[in-house]
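Asker: Right, I'll just put the structure down here and ask away after.
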Amino acid sequence: MGSIFKPSTTVVQAPSQSSTSYDIPEYFKEIQERTLRTAENVFSQPYTAYQGQRIASLDPQEIAAENVYSQQVIPQAGQLANIANQTYDTATAANYANPYQAQVISGALTDLGEAYGQSTKAMDAQAISSGAFGGSRQGIQNVLGQERYLDSVADTTARLRQAGFESGAARFAQDRAAQMQGATTQIGALQAGAQGLQAFGAQARGIEQAKLAEGYRDFIEAREYPAGQIRQMVGALSGAPIRSYGEERSGSVGTPVGGPSIFGQVSGAALAGAQFMSDVRLKRDIKLVGKSPKGIKIYNFKYLGDDRTYQGVMAHQVPQAATANQFGYLMVDYSKLDVEFKEV
């Protein structure tokens, strides 16, 4: 079969007939053909979409925290607002003042009635002793006594009712403050619990998200692995040190000279410019053998698809002398280093 490594041919005029042939090593043909067959098989595979979950769901603890807020904190906050909006109106005053009035005012009126009765008896006894019982004078005294009694009842009732209203207002304020304090404390405890659930839930969800992301990365790596292997092999073939291989040409008007293949051109350009393919992705059997006077690590290695051993550096360790070629692989300009690239 043909080879992607066959070079172009330039005919140079010559006075006599001649021919020049170039051969590609069999091991290189085998690698090339195997790579092409593998690539064809990989490229014929349909696209595989990821079917797994990529976004972690809310953790049960986060849901519980949300329920605490919606079902407990918010209703409690509404109740707290209602308590704060309560006023000491007529209806409320009746609830607080009536017990006071029933006990205190009733007792006071009973005492006034008893005092009035005793006063009336005393006046009757005095009238009898003076012989004026039943007379006009006694009648006037009785009227005056009744008026004083009624005035006392009215005055006492008014004062006691005022005192009862003020006492009720004080108890109402105390009760409202206690209710607000209790509601505030309960809301604070619920919020603290909800925040704790939220924090633990968020941490658990973060761990779950990391697992999902790792699963997705594994899927992508597995899906892209065959194509990546092919790219690596093609890159290795492009960076192998092949120089003079081609196909047979002959003619009577000139001498065909086989130019290097596209991959050979890459390598040839490297040699011409004192640059050598030195990307670690193109090497195998890498062994550290020493350091240069400037401390640069020196390695022995083999290129993929080549059994010869070379000595040099790893391009990623000498960025000051490394550049990427058109295929994305790193090349090293050894003229900028105190290390020699050589075959060993």
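The values are calculated or read from the model by the stated rules, or taken from the named source; none is laboratory data. This structure is a prediction, so every number in the text was calculated from the model and none was measured. Glycine also receives a Cβ, built like all others from the backbone with ideal geometry; neighbour counts cover every protein chain displayed.
Yes/no per residue for (1) surrounded by 13 or more Cβ atoms within 10 Å (Cβ to Cβ); (2) assigned by TED's automatic domain parsing to the domain that holds Q71; (3) small (G, A, S); (4) on the phi > 0 side of the Ramachandran plot:
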{"residue": "G168", "(1), (2), (3), (4)": "yes, yes, yes, no"}
{"residue": "D175", "(1), (2), (3), (4)": "yes, yes, no, no"}
{"residue": "Q181", "(1), (2), (3), (4)": "no, yes, no, no"}
{"residue": "Q186", "(1), (2), (3), (4)": "yes, yes, no, no"}
{"residue": "A192", "(1), (2), (3), (4)": "no, yes, yes, no"}
{"residue": "L197", "(1), (2), (3), (4)": "yes, yes, no, no"}
{"residue": "F200", "(1), (2), (3), (4)": "yes, yes, no, no"}
{"residue": "A204", "(1), (2), (3), (4)": "yes, yes, yes, no"}
{"residue": "A210", "(1), (2), (3), (4)": "no, yes, yes, no"}
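Asker: Moving on to the next point. Name the single residue, out of those in region 307-332 being surrounded by 19 or more Cβ atoms within 10 Å (Cβ to Cβ) and out of contact with any Lys or Arg (no Cβ under 9 Å at 6 or more places or on another chain), that is nearest to E30 (Cα to Cα).
Answerer: The selected residue is M331.
Asker: While we're looking at this one, here's another question. Just for region 333-344: of the residues that are of a type in the set (D, E, K, R) and within 47 Å of the chain's Cα centre (by Cα), which one is surrounded by the most Cβ atoms within 10 Å (Cβ to Cβ)?
Answerer: Filtering region 333-344 for residues of a type in the set (D, E, K, R) gives 333, 336, 338, 340, 342-343.
This time we only want the ones that are within 47 Å of the chain's Cα centre (by Cα), so: 333, 336.
Numbers: D333: 17, K336: 13.
Looking at the filtered set, the residue picked out is D333.
Asker: Right, next: Show me the helices (runs of 4 or more DSSP H) entirely contained within region 26-111 in which 2 or more residues are modelled with pLDDT of 85 or more and either farther than 30 Å from L197 by Cβ or out of contact with any His (no Cβ under 6 Å at 6 or more places or on another chain) (or both).
Answerer: So the answer is 26-43, 60-68, 74-85.
Asker: Okay, moving on. Restricting to region 212-232, name every residue that is of a type in the set (S, T, Y) and either closer than 30 Å to Q72 by Cα or loosely packed, with under 12 Cβ neighbours inside 10 Å (or both).
Answerer: If the condition is that a residue be of a type in the set (S, T, Y) and either closer than 30 Å to Q72 by Cα or loosely packed, with under 12 Cβ neighbours inside 10 Å (or both), then Y225 is the only one that fits.
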